[in-house]
Amino acid sequence: MRAPRRKLRTIAGAAAGLALAAAAVTLIPRADAATASFQRGPAPSAASIRATDGPFAITRTNVARAAVSGFGGGDIYAPDDTSQGTFGAVAIAPGFTATRSSMAWLAPRIASQGFVVFNIDTLTTSDQPATRGRELLAALDFLTAQSTARAKIDKNRLAVMGHSMGGGGTLEAAKSRPALKAAVPLTPWDLTKNFAGVTVPTMIIGAQSDTIAPVRQHSERFFASLPSGADTGYLELAGASHFAPNIPNTTIASTSVAWLKRFVDEDTRFEQFLCPGPATGATVSEYETNCPHQG
């Protein structure tokens, strides 16, 4: 019998926690000296994680398809300031029939918070989730070993994200490479439903009105399959469609930033935005996560 999931759960109509803008919890300091060394940027606020532009100026570098193998090239967004040390890195994959342009709003937004972000194209726009998972990992390998941004990256702090089949690919990549520090599938689609082997901290963002990857058949099932002892989260966008991640969305961006900061940078200053997390209402129809996170 599966052990009960440690959780704080809010659903529409229930007495929810504090709104994200006012969220705050008392944190227990960790003795891990590395935690402080991975902090990048000033102390966060609800406004700062929701901002279009974070504290780091960034530069975009295009990587041609012909210059790589295993994926379709893309755009690297990297902070200019390296005075604080190296950064964690994130690869982002688009969904079925889409190109990197569909995620171009999100990649620089995350990079400006203190990450090197690789927004990639897939080999073909019809690639299936397992293939997209391999492409995400190939992109991270290129990013850390061959890219012009490699000196800015801590190769031990890597994460994956993706939309739709790219979200399914995100789960597939996390299953294949447990050394990843975080995964954020966005309205994910995959014929595989069981990801019990995923131990990477994973925040799934679904959409309440998704008719392409309905949450009951996809996001919720993926979340339910994740191991109870892992750091996991599920946020459902109220009234949103499958394509919510393809246009600027503050809830997607702020939740992704908080999750990546908490687990890629091991920065417990961001725990306050995940626990208790956003209240349900007009923007969020459901939210569940493990609190406190183990890191």
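The numbers here are math on the coordinates, done by the rules we state, and not lab data. All values derive from a computational prediction rather than experimental measurement. Cβ sites come from the backbone with ideal geometry, for glycine too, and all protein chains shown count toward neighbours.
The lysine pair tally for region 53-266, using Cα distances under 21 Å and a gap of 8 or more places or different chains, is 8.
GNM remark for the chain: springs join alpha carbons under 10 Å apart, and the peak mean-square fluctuation among Leu274, Leu171, Leu191 falls on Leu191. Cα centroids of region 121-189 and region 101-117: 14 Å apart. The alpha carbon convex hull volume per residue for region 240-293 rounds to 90 Å³. Within the chain, DSSP assigns beta bridges of which about 45% are antiparallel (rounded to the nearest 5). Computed over neighbours whose Cβ is under 11 Å from that of Thr187, the net charge equals -2, Lys and Arg +1, Asp and Glu -1.
Across the chain, C-alpha contacts under 8 Å between residues 6 or more apart give a mean separation that, scaled by the residue count, equals a relative contact order of 23 percent. Which entry in (1) 148; (2) 116; (3) 136 is this structure's computed volume of the Cα convex hull per residue in Å³? Computing volume of the Cα convex hull per residue in Å³ and matching it to (1) 148; (2) 116; (3) 136 gives (2). Look at the dipole of region 53-266 built from charges on Cβ: of Ile120, Ser83, Ala107, the Cα furthest out on the positive end belongs to Ile120. Rounded to the nearest 20, the size of the Cβ-charge dipole of the chain about its Cα centre is 400 debye, with Lys and Arg at +1 and Asp and Glu at -1. Counting charges near Glu236 (Lys, Arg +1; Asp, Glu -1) among other residues having Cβ under 10 Å from its Cβ returns a value of -4.
Which residue fluctuates most in the GNM of the chain (Cα springs below 10 Å): Thr232, Thr280, Thr211? In this elastic network of the chain, the residue with the biggest mean-square fluctuation among Thr232, Thr280, Thr211 is Thr211. Dimensions of region 74-198 based on its C-alpha atoms, expressed as ranges along the principal axes with the largest first, amount to 44, 30, 23 Å.
For the chain, modelled as a GNM whose springs connect Cα atoms under 10 angstrom apart, the maximal fluctuation among Ser147, Ser241, Ser83 occurs at Ser83. Dividing the summed -39500 (n - 2.57) terms of all DSSP H runs of n ≥ 4 by the residue count of the chain sets its mean residue ellipticity at 222 nm at -6500 deg cm²/dmol.
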